[in-house]
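The values are calculated or read from the model by the stated rules, or taken from the named source; none is laboratory data. It should be emphasised that the depicted structure is a prediction, and the values quoted were computed from it without experimental measurement. For neighbour counting, all protein chains shown are included, and Cβ atoms are generated from backbone atoms with ideal geometry for every residue, glycine included. When the accessible area is computed, the model is the full protein with side chains, heavy atoms only, and any ligands, DNA or RNA have been set aside. Shrake-Rupley method; radii C 1.70, N 1.55, O 1.52, S 1.80 Å.
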Amino acid sequence: MNEQLSKFLEHLYADGVASDQSQHDRLLKRRNLEPDTAALLSLVVRIARARTVVEIGTSNGYSTIWLADAVGDTGGAVVSVDTASLDEARNNLASADTIQPGLATRVEFRQEDGGAYLARLAEESVDLLFLDAERVEYPNWWPRPARVLRRGGVLAIDNVLSHADEVAGFLKLLVDDFAGTTVPVGKGLRLAWRRRGG
């Protein structure tokens with residue numbers, strides 16, 4: 001990531017925080033991934049050599065840009081899915097692309113339900129799945145998150161410390177097929193590796 005893109009993301013994050021403070025409707029808040037969490041997630045993409053990355057929960061595209069930068073080093077691509085309008089995310093990605101060309105060509109936006117999107121994906125077709133949407137929906141999507149991840153793929157889930165009660169049931173579903181840990185960064189990032197025999 002070049003210095004100009006880093007500064008753009010700092011501004012985008014600060015703008016999101018300011019917007020969230022004045023927005024009373026939780027569903028309209030941007031609720032961006034914290035910078036430290038975004039940096040860790042982008043490193044995990046690189047370490048895992050993830051080429052097929054799916055993000056459920058786009059918001060204004062802040063984390064999408066981080067992921068697009070990371071897959072530039074793996075030769076991969078990102079699909080970002082959200083039920084809300086993606087216009088702001090598209091505009092922010094376009095702005096980031098003028099700073100660091102190539103980002104926009106690595107991203108596909110889809111406006112639809114995350115569970116419905118996962119249902120259509122082929123088995124073991126995803127290298128890294130990042131869940132950052134409505135947490136209470138995750139158990140309803142099961143077993144799709146496990147089915148679409150390749151063996152040895154990574155499942156990343158945000159907000160597992162800040163909203164532990166909302167993700168507890170979903171995390172229990174991962175016990176048999178995943179090895180994982182919660183990293184106390186940002187609001188808590190659960191990183192889980194799909195077992196090769198699971």
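Given the stretch 93-198, what helices (runs of 4 or more DSSP H) lie entirely inside it while holding 2 or more residues that are among the hydrophobic types (A, V, I, L, M, F, W, C) and under 17 Å from the mean Cα position of the chain (by Cα)?
Details: elements: 114-120, 138-141, 144-148, 164-173.
Fully inside the stretch 93-198 and qualifying: 114-120, 144-148, 164-173.
Checking ASP73 against (1) assigned to a loop (DSSP other than H, G, I, E, B); (2) surrounded by 18 or more Cβ atoms within 10 Å (Cβ to Cβ), only one condition comes out false. Which one?
Just one mismatch for ASP73, condition (2).
Take the conditions on the phi > 0 side of the Ramachandran plot and either touching a helix residue (DSSP H, G or I) at 6+ places or on another chain (Cβ under 9 Å) or open to solvent by 30 Å² or more (accessible area, probe 1.4 Å) (or both) and apply them to GLY186. Does it pass? Step through it out loud before you land on a result.
Values: on the phi > 0 side of the Ramachandran plot: yes; either touching a helix residue (DSSP H, G or I) at 6+ places or on another chain (Cβ under 9 Å) or open to solvent by 30 Å² or more (accessible area, probe 1.4 Å) (or both): yes.
So GLY186 fits the description; yes.
When THR105 is evaluated against the numbered criteria (1) within 30 Å of ALA94 (Cβ to Cβ); (2) crowded, with 16+ Cβ neighbours inside 10 Å, which criterion, by number, is the only one it fails?
Going through (1) within 30 Å of ALA94 (Cβ to Cβ); (2) crowded, with 16+ Cβ neighbours inside 10 Å one by one, THR105 breaks only (2).
So which residues in the stretch 28-56 are in a loop (DSSP other than H, G, I, E, B), open to solvent by 10 Å² or more (accessible area, probe 1.4 Å) and over 17 Å from VAL17 (Cβ atoms), if there are any at all?
Result: ALA48, ARG49, ARG51.
Residue-wise test of (1) open to solvent by less than 20 Å² (accessible area, probe 1.4 Å); (2) at pLDDT 95 or above; (3) among the β-branched types (Val, Ile, Thr); (4) in contact with a strand residue (DSSP E or B) (Cβ under 7 Å, 6 or more places away or on another chain).
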{"site": "VAL81", "(1), (2), (3), (4)": "yes, yes, yes, yes"}
{"site": "ALA84", "(1), (2), (3), (4)": "no, no, no, no"}
{"site": "ALA89", "(1), (2), (3), (4)": "yes, no, no, yes"}
{"site": "ALA133", "(1), (2), (3), (4)": "no, no, no, yes"}
{"site": "ASN140", "(1), (2), (3), (4)": "no, no, no, no"}
{"site": "PRO143", "(1), (2), (3), (4)": "no, no, no, no"}
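Pick from GLY153, GLY197: which is surrounded by 18 or more Cβ atoms within 10 Å (Cβ to Cβ) and either modelled with pLDDT under 95 or in contact with a strand residue (DSSP E or B) (Cβ under 6 Å, 6 or more places away or on another chain) (or both)? Lay out the reasoning, then the answer.
Values: GLY197 fails: surrounded by 18 or more Cβ atoms within 10 Å (Cβ to Cβ).
Among GLY153, GLY197, only GLY153 is surrounded by 18 or more Cβ atoms within 10 Å (Cβ to Cβ) and either modelled with pLDDT under 95 or in contact with a strand residue (DSSP E or B) (Cβ under 6 Å, 6 or more places away or on another chain) (or both).
Among the numbered criteria (1) of a type outside the set (A, V, I, L, M, F, W, C); (2) assigned to a helix (DSSP H, G or I); (3) out of contact with any Leu (no Cβ under 7 Å at 6 or more places or on another chain); (4) open to solvent by 20 Å² or more (accessible area, probe 1.4 Å), which single criterion is violated by SER59?
Every condition holds for SER59 apart from (2).
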